[in-house]
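Structure record follows, encoded as structure tokens.
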Amino acid sequence: MTVTYFSEDTIEKFLDTLEKATEREVKVVVADNASVEGALEQITADRKNVQLLSIGENLGYGTAANRGVAELEDSYGWVVVVNPDLEWEPGSLDALLEVTQRWPRGGAFGPLIHDLDGTVYPSARLLPSFGRGIGHAVFGKVWPGNPWTKQYRQETGTPVERVSGWLSGSCQLFRREAFDSVGGFDTRYFMYFEDVDLGDRLAKAGWLNVYAPSSRVTHEGGHSTSQASEKMLKAHHDSAYRYLADRHQGLLWKPVLAATKLGLALRVKLETR
């Protein structure tokens, strides 16, 4: 299933490339937060395997994804949650499903993701901590090769099949049993960090997040969020704070969290001035 937000110019290519990504029959649920009136209906009308779920308001990525997954019958044992500005390489979904056979406790599987220029996106990362998070936030843009960013992004040579802390939400294959066992995405996250949070909760429930670079896709990235970059930057920082606050509770952490919240707010002001 895919979540759309004014994604009319990318969803058709997404659906076209999906047809060559697998030899299996698939059902596609398009959970639409917002779109040009009538555009998605026109694109999906002649595709018998596509169901359009018009939500009618922008509820955010995780909430819309949960609603889309809920439209699928329980007989669907595997569910893909994917951005609509993604293009599948031929056979990529079948390759992802093939990897699942080697990981019986795998709850989430993520392919190798290329950016449009062919660069490999670091889509399988360690879970963020205060140390890695602050180092990455402070130095990530001015010193891309800093040790905190490199450790967090797990950029260590040739991509190999492995267990990861979390996987990019732009394309994940979920074992339905695993997804349902943790209640899917946490709907408190409007945008960003919902994939980090889900990966953490899956791992705590005994499932594995598996990076599967034998499957490859291309992601345009930032299509829907580019329309409201300042709003999205604030949403990113709000979600980052929520993630850390949920996992660092108690009086001892309050001063650290207060300083973190102040620092994130300052960063928003600096980057949007």
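The values are calculated or read from the model by the stated rules, or taken from the named source; none is laboratory data. Predicted, not measured: the structure shown is a model, and the values here were computed from it. Backbone-built Cβ (ideal geometry, glycine too); neighbour counts: all protein chains shown. Note: areas computed on protein heavy atoms with side chains; ligands, DNA, RNA excluded. Shrake-Rupley method; radii C 1.70, N 1.55, O 1.52, S 1.80 Å.
Using the Cβ-Cβ distance between LEU262 and VAL36 with R0 set to 45 Å, the FRET efficiency from 1/(1 + (r/R0)^6) comes to roughly 0.70. Based solely on its DSSP helices, what 222 nm [θ] is calculated for the chain when runs of n ≥ 4 H residues each add -39,500 (n - 2.57) and the sum is averaged over all residues, nearest 500 deg cm²/dmol? Counting only the DSSP helices, I get -12000 deg cm²/dmol. With a Förster radius of 41 Å applied to the C-beta separation of GLU8 and ARG105, the computed FRET efficiency comes to 0.55.
Could you let me know the centre-to-centre spacing of segment 73-133 and segment 1-64, using Cα atoms, in angstrom? Distance between centres, Cα-based: 19 Å. Note on the chain: Cα Rg divided by 2.2 N^0.38 Å, N the number of residues, gives 0.99.
Apply the a/c threshold of 1.5 to the C-alpha gyration tensor of segment 227-272 and tell me whether it is rounded, prolate or oblate. Judged from the Cα gyration tensor, segment 227-272 comes out oblate (a/c at least 1.5, b/c at or above a/b). If the segment from ASP115 to ASP46 were pulled out straight at 0.36 nm per residue, it would be longer than the present Cα-Cα gap by 21.9 nm. Accessible area per residue for the chain, computed on protein heavy atoms with a 1.4 Å probe, is 50 Å².
Here the spin labels are modelled as points 7 Å beyond Cα on the Cα-Cβ line, and at THR187 and ARG162 they lie 3.7 nm apart. Summarising the strand pairing of the chain, around 50 percent of its internal DSSP beta bridges are antiparallel. Using a Gaussian network model on the chain with a 10 Å cutoff between Cα atoms, which of GLY250, GLY56, GLY169 fluctuates the most? Maximum fluctuation in the GNM of the chain, among the listed residues, is at GLY250. Lysine pair count for segment 2-226 (Cα-Cα distance under 17 Å; residues 8 or more apart in sequence or on different chains): 5. The simple spin-label model puts a point 7 Å past each Cα toward its Cβ; for LEU251 and LEU72 those points are separated by 4.7 nm.
Amide H to amide H distances under 5 Å link TRP78 with ARG176, where only residues 5 or more positions off or on other chains count and H is placed in the peptide plane.
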